[in-house]
Amino acid sequence: MANHSRPIVLDAVARAELERLHRTPSVPSGLSRRARVVLLMAKNLPGVEVARMTGYTTVQISRLRRRFAAEGLAGLEDKPRSGRPPVITPRKRAQIVARTLRPPGSGLSHWSARELATEVGVSHSTVHRIWQAHALTPHRIETFKFSTDPAAEEKIHDVVGLYMDPPTHAVVLSVDEKTQIQALNRTQPILPLRPGVPARQTHDYRRNGLTSLYAALEVASGTVVGACRARHTGADFLQFLNVLARQYRRRELHVVLDTSSTHKTPDVRAWLAAHPRVHFHFTPTGASWLNMVEAWFSILTRKSVRRGSFDTVRALITHIQQDIKHWNDHPTPFVWTKEPAAIIKKALRRAH
C-alpha cells in the first residue's frame, strides 16, 4: 500500500535528540513514546503500521505527524489540558495545614486526604498537593523510647567506645538472644515465583513449636556464633557462654549485652569470676538497639525465617544453622559511625 502521508525527514541533531528522549529512563513515558513514533515515521512506515507498533490509533498518529511537521520537537511536548486549576488562597492553605496538625476526632486516629477534603471543602487531590508541599504525612507514625537508666551516659560511652576503638588484641562480641522463633508451616505448599507473579503463600499456618537463638556477632569480622535452645534461662545463657569461651580460647573477650535478668544470675556472676578474661558491657535499660547483633537478627528474620515453612522445630533449627554458615562464608561487619554525644543528645530525656 502506498504511503501518501507527508514524509518525515530528520537531520542528525533532531534524530539524536529523539533517540535520547526515547531511551532515557527519566524522560516521561508519554514523551518517550511520541519520540518513538516520530523515529518510526522517519523510516517511511505507514501510519497503520506505526499505530500497531506503538499502541496509538491512526488518528493520533496523523495528529502527531502534523504537530511534528509544524512545530518540530516542541510539538511532542504535552499540551495544556482544558479547564483551569483550582485557586487555593493562602488563608485556605493555612487552614488545611492547621487542621491536619490537629486530631481529627470522631473516632479517627489520623486524617486521610479524602476525610480532610470533606472536612474543609476541597478536593482530595488538593489536600494531597498541600501535604506534599509541607512534608505532612498523617498516615505515618514512628516510635521512640527514652532511657531512664541513671547510668545511661556512662554505658553509651562504654559500648560505643568498644565499637569505634576496640582494645588491642581483644575480641569484641555483641551478644543477645532472639526468643520464641516460631516453626510455622503453611497449610498449603508455597507457590513459586513466576515471571510477572510473585511467590505466594497461604495466610493461615500451623504452629509447630518454638526455639530461642543465642547469637554472638564478632564486631571486627562480622562472623556469628549461634546456638538454639528450647528455653532462654540463665542456665541456657551460661551454656552459650561456655560455647564462646571454647570458640575464643585464650583470647580476652569484651561482651556487649543487654540488662536481661538471665545475664545477671548468681551462676553467671560466678562464671565471670572464674573467667577473668571475659568482661561484660551492658547497654542502657531500654536501649537494646545499641547492641549491634540486633541488626543481624533483623537480617535473619527478613531474609531467612519470615518466609520459611517448617514442619518441625528441628527443621527450623537446621535452617537457622545453615543460614549462619552461609553468612559466615562471606561475613559483613557492621561499622558504627555515630559518636556517643550525638546518641546521648537524641536518646536521653533531659530534665529542665
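The values are calculated or read from the model by the stated rules, or taken from the named source; none is laboratory data. None of the values given here were measured: they were computed from a predicted structure. Quick reminder, even Gly has a Cβ in these numbers, built from the backbone with ideal geometry, and neighbours come from all protein chains shown.
Descriptive notes on the structure:
- The set of residues from segment 139-184 being in the same structural domain as Thr211 (by TED's automatic domain parsing), of a type outside the set (Ser, Thr, Tyr), in contact with a His (Cβ under 7 Å, 6 or more places away or on another chain) and farther than 16 Å from Phe334 by Cβ comprises Asp158, Pro167, Ala170, Glu177.
- Here Phe310 passes the criteria (1) more than 12 Å from Val175 (Cβ to Cβ); (2) in a helix (DSSP H, G or I) except the one numbered (2).
- Qualifying residue in segment 274-282 (condition: closer than 26 Å to Asp149 by Cβ, part of a strand (DSSP E or B) and in contact (Cβ under 8 Å) with a residue 60 or more places away in the chain): yes
- Here segment 181-204 is the region considered, the condition is being of a type outside the set (D, E, K, R), free of Cβ contacts under 8 Å to residues at least 24 places away in the same chain and part of a strand (DSSP E or B), and the residue that is farthest from Val171 (Cα to Cα) is Val197.
Residues checked against (1) more than 29 Å from Val335 (Cα to Cα); (2) modelled with pLDDT under 95:
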{"residue": "Arg206", "(1), (2)": "yes, yes"}
{"residue": "Gly209", "(1), (2)": "yes, yes"}
{"residue": "Leu213", "(1), (2)": "no, no"}
{"residue": "Val224", "(1), (2)": "no, no"}
{"residue": "Thr233", "(1), (2)": "yes, yes"}
{"residue": "Leu241", "(1), (2)": "no, no"}
{"residue": "Arg250", "(1), (2)": "no, yes"}
{"residue": "Val255", "(1), (2)": "no, no"}
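- So Thr143, is it loosely packed, with under 10 Cβ neighbours inside 10 Å and over 18 Å from Pro103 (Cβ atoms): yes
- Count of segment 300-344 residues, restricted to those that are touching a residue at least 24 places away in the same chain (Cβ under 8 Å) and of a type in the set (Asp, Glu), is 2.
- When Val59 is tested against (1) aliphatic (A, V, I, L, M); (2) surrounded by fewer than 11 Cβ atoms within 10 Å (Cβ to Cβ); (3) part of a helix (DSSP H, G or I); (4) within 41 Å of the chain's Cα centre (by Cα), only condition (4) is not met.
- Residue check, Leu10 surrounded by 13 or more Cβ atoms within 10 Å (Cβ to Cβ) and outside any helix (DSSP H, G or I): yes
Let's see how each residue does on (1) among the basic types (Lys, Arg); (2) surrounded by fewer than 16 Cβ atoms within 10 Å (Cβ to Cβ):
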{"position": "Val268", "(1), (2)": "no, no"}
{"position": "Pro284", "(1), (2)": "no, no"}
{"position": "Ser298", "(1), (2)": "no, yes"}
{"position": "Lys303", "(1), (2)": "yes, yes"}
{"position": "Gln321", "(1), (2)": "no, yes"}
{"position": "Lys325", "(1), (2)": "yes, yes"}
{"position": "Thr337", "(1), (2)": "no, yes"}
{"position": "Ala342", "(1), (2)": "no, yes"}
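- Where a residue in segment 101-116 is surrounded by 10 or more Cβ atoms within 10 Å (Cβ to Cβ) and its partner, wherever it lies, is among the aromatic types (Phe, Trp, Tyr), with Cβ under 6 Å and at least six apart: Pro104/Trp111
- Filter result for the condition that a residue is touching a helix residue (DSSP H, G or I) at 6+ places or on another chain (Cβ under 8 Å), in the same structural domain as Leu39 (by TED's automatic domain parsing), at pLDDT 85 or above and among the hydrophobic types (A, V, I, L, M, F, W, C), over Ala70, Ala51: Ala51
- Among (1) surrounded by fewer than 18 Cβ atoms within 10 Å (Cβ to Cβ); (2) within 39 Å of the chain's Cα centre (by Cα) - the single one Pro46 does not satisfy: (2)
- Candidate set: segment 120-140, residues that are of a type outside the set (A, V, I, L, M, F, W, C) and more than 26 Å from the chain's Cα centre (by Cα); chosen: the one surrounded by the fewest Cβ atoms within 10 Å (Cβ to Cβ): Gly121
- Among residues of segment 81-92 that are β-branched (Val, Ile, Thr), those with a beta-carbon under 8 Å from a residue that is modelled with pLDDT of 75 or more and assigned to a loop (DSSP other than H, G, I, E, B) at least six positions away or on a different chain give the pairs Ile88/Val122.
- Some residue of segment 199-207 being touching a Phe, Trp or Tyr at 6+ places or on another chain (Cβ under 7 Å) and of a type outside the set (D, E, K, R): no
- All positions within segment 19-36 that are surrounded by 14 or more Cβ atoms within 10 Å (Cβ to Cβ) and within 10 Å of Leu76 (Cα to Cα): Leu31, Ser32, Arg33, Arg34, Ala35
- Hits in segment 231-263 - residues which are aliphatic (A, V, I, L, M) and assigned to a helix (DSSP H, G or I): Ala235, Leu238, Leu241, Val243, Leu244, Ala245
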